1. In Å and whole numbers, how far do the C-alpha atoms of segment 121-163 stretch along each principal axis, longest first?
2. Give me the base-10 log of I(q)/I(0) for segment 54-102 at each q in 0.19, 0.28, 0.32 Å⁻¹, Debye formula, one uniform scatterer per Cα, rounded to two decimals.
3. Sorted by packing (mean other beta-carbon atoms within 10 Å per residue), highest first, where do 53-59, 128-134 land?
4. Which length gain, in nm to one decimal place, applies between Lys139 and Ala90 when the Cα-Cα distance is subtracted from 0.36 nm times their residue separation?
Amino acid sequence: MPFPLPSRARSGPRRRSLLAGAAGAVLLTGCTGDGDDGPAGAARKQSSAAERARRSTAEESRALGALYDRVGTAHPALAERLAPLRAEVARHEAAFARGGASPSPTASPSSTASAPAAPPAVPDDPRGALAALAERERKLAGARTERSLEAPGELARLLASVAAAGAAHVYLLTEGEK
């Protein structure tokens with residue numbers, strides 16, 4: 001059965017058209033902002049956070065490499081055993097430095113503010129020195145794993161990979177102690 005047509009034609013816009021137009025106007029005015037909100041602002045914030053994570057992780061790797069160097073100098077008998085691990089730490093530092101602005105060879109003001117005032121002392125006995133290296137590697141692996149949970153795609157994968165390598169270093173530094 002066909003629906004009957006209204007007896008008089010309506011003039012002007014219908015109520016639905018007015019409501020839809022008002023809703024569209026509200027949405028459009030809500031989309032204009034100062035540029036910090038929305039996808040572009042979020043991407044900038046994420047990029048900035050990722051760059052900070054890269055820089056701090058590169059600095060951590062640089063400090064870890066310096067600790068390996070000090071242990072190798074204090075205990076020359078360990079130098080050959082530590083050389084492959086030290087080389088791996090240098091590659092980690094380079095990987096994080098390549099991802100963003102390369103860190104300068106000299107310390108920048110931002111990196112000296114977060115760096116400890118004096119590097120930890122190297123224990124006198126070789127076993128203690130290896131234990132100190134293993135503990136530093138363990139702490140960094142944990143911190144990098146945590147950081148990978150917040151990082152964007154490629155950086156998260158790099159952090160997780162380097163954390164896994166750090167865990168392997170802990171094993172290699174402590175094997176034979178059991």
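We did not get these values from a lab; they are worked out from the coordinates using the rules stated. Treat the numbers as computed from the prediction; the structure is a model and nothing was measured. Methodologically, a virtual Cβ is constructed for each residue, glycine included, from the backbone with ideal geometry; neighbour enumeration extends over all protein chains shown.
1. Computed over segment 121-163, the largest-to-smallest principal extents equal 42, 13, 11 Å.
2. -0.57, -0.92, -1.08
3. Values: 53-59: 21.7, 128-134: 19.4.
Highest-to-lowest ranking by the protection proxy: 53-59, 128-134.
4. Working: separation 49, 0.36 × 49 = 17.64 nm, distance 1.77 nm.
Result for the pair: 15.9 nm of gain on full extension.
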